[in-house]
Amino acid sequence: MRRLPVVLAACLLGTSALAGGLGEMTEAERAAFREEVKAYLLENPEVLVEAMNVLQGREDQAAANRDLEMLAANKDAIFNDAASYVGGNPEGDITVVEFVDYRCGYCRKAHDEVAELVKSDGNIRFVLKEFPILGEDSVISSQFAISVLQLHGAEPYKQVHDALITLRGSPDEATLTRLAGDLGLDPAPLFERMKSPEVQAVIEANHALATTMEISGTPTFVVDQTMVRGYVPLDGMRQIVAGQRG
């Protein structure tokens, strides 16, 4: 970008002083240079668009390379964390990891579409990372869900996850008691477990991983070797999965 004015000036004016650089110009030459460049850009504004597109492309590539480095350095914590729920096809050729907050509007919007993606594809391994970042209700919801996973396993956890992601009210004790009862679970051990070091360790580990991966919002997805920050419609997610398969 810094060479653009000199190149333009040399081409437009053809003077040795301009070709030699701004430092060798007189004040009059610099003024003429500015006017020539201004006139050229006003007549050819697409040059600026092209330059910005090149810059954006370089920044996007640098970010993608950075993501690949972070994924390689943290692959076990991302894909093979024994404390996280694994659904879909456990032997799938693509792993989709979601960092989720139950109070996040875009997580709720993505929920049914991600479920459809996993179901319709049939060959996706799906991992959920509890990542409460939107206040106390988020933390309580994740504590309850993790407690169900630790005490009762994957299937009850998925049912609780689906219920919490669509819950419109607050996850207070009465609501969670009713939810546990609907699933045939005793709420007392779950409430006790929610405050345990084992549950807190999962949340802290996910937050630490998110910090390392430069994840600050939800939903964030890792689709094999691609990071997707934010909500993407179903068709877009399918394209990303297809791209990872090559």
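The values are calculated or read from the model by the stated rules, or taken from the named source; none is laboratory data. Just so it is clear, the model here is predicted, and its values are computed rather than measured. Neighbour counts are summed over all protein chains in view; Cβ atoms, including those assigned to glycine, are modelled from backbone coordinates with ideal geometry.
Could you tell me how many of the residues in the stretch 84-101 are over 16 Å from the mean Cα position of the chain (by Cα) and farther than 16 Å from R125 by Cβ?
0
Select from the stretch 103-151 the residues that are hydroxyl-bearing (S, T, Y) and either more than 16 Å from the chain's Cα centre (by Cα) or not assigned by TED's automatic domain parsing to the domain that holds L176 (or both) and list them in ascending order.
S120, S138, S141, S142, S147
Y231 passes all but one of (1) out of contact with any His (no Cβ under 7 Å at 6 or more places or on another chain); (2) over 19 Å from V114 (Cβ atoms); (3) assigned to a loop (DSSP other than H, G, I, E, B); (4) modelled with pLDDT of 95 or more; which number fails?
(2)
Looking only at the stretch 129-137, decide whether some residue is touching a strand residue (DSSP E or B) at 6+ places or on another chain (Cβ under 8 Å) and part of a helix (DSSP H, G or I).
Within the stretch 129-137, none of the residues are touching a strand residue (DSSP E or B) at 6+ places or on another chain (Cβ under 8 Å) and part of a helix (DSSP H, G or I).
Among the numbered conditions (1) crowded, with 17+ Cβ neighbours inside 10 Å; (2) farther than 12 Å from V97 by Cα; (3) in contact with an Asp or Glu (Cβ under 9 Å, 6 or more places away or on another chain), tell me where R193 comes up short.
(3)
Yes/no matrix, rows are residues, columns are (1) touching a Gly at 6+ places or on another chain (Cβ under 9 Å); (2) among the β-branched types (V, I, T):
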position	(1), (2)
A32	no, no
E69	no, no
A77	no, no
Y85	no, no
N89	yes, no
R108	no, no
E113	no, no
I133	yes, yes
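If I filter the stretch 164-173 for residues that are in contact (Cβ under 8 Å) with a residue 40 or more places away in the chain, assigned to a loop (DSSP other than H, G, I, E, B), among the hydrophobic types (A, V, I, L, M, F, W, C) and assigned by TED's automatic domain parsing to the domain that holds K195, do I get at least one hit?
yes
Pick from Y106, Y40: which is assigned to a helix (DSSP H, G or I), among the aromatic types (F, W, Y) and modelled with pLDDT of 95 or more?
Y106
Could you tell me whether V148 is closer than 21 Å to A180 by Cα, modelled with pLDDT of 95 or more, of a type in the set (A, V, I, L, M) and crowded, with 18+ Cβ neighbours inside 10 Å?
yes
Using beta carbons and a limit of 9 Å, which pairs, at least six apart or on different chains, have the first residue in the stretch 51-66 and over 17 Å from M213 (Cα atoms) and the second one aliphatic (A, V, I, L, M) and part of a helix (DSSP H, G or I)?
Every condition considered, the pairs that remain are A51/L4.
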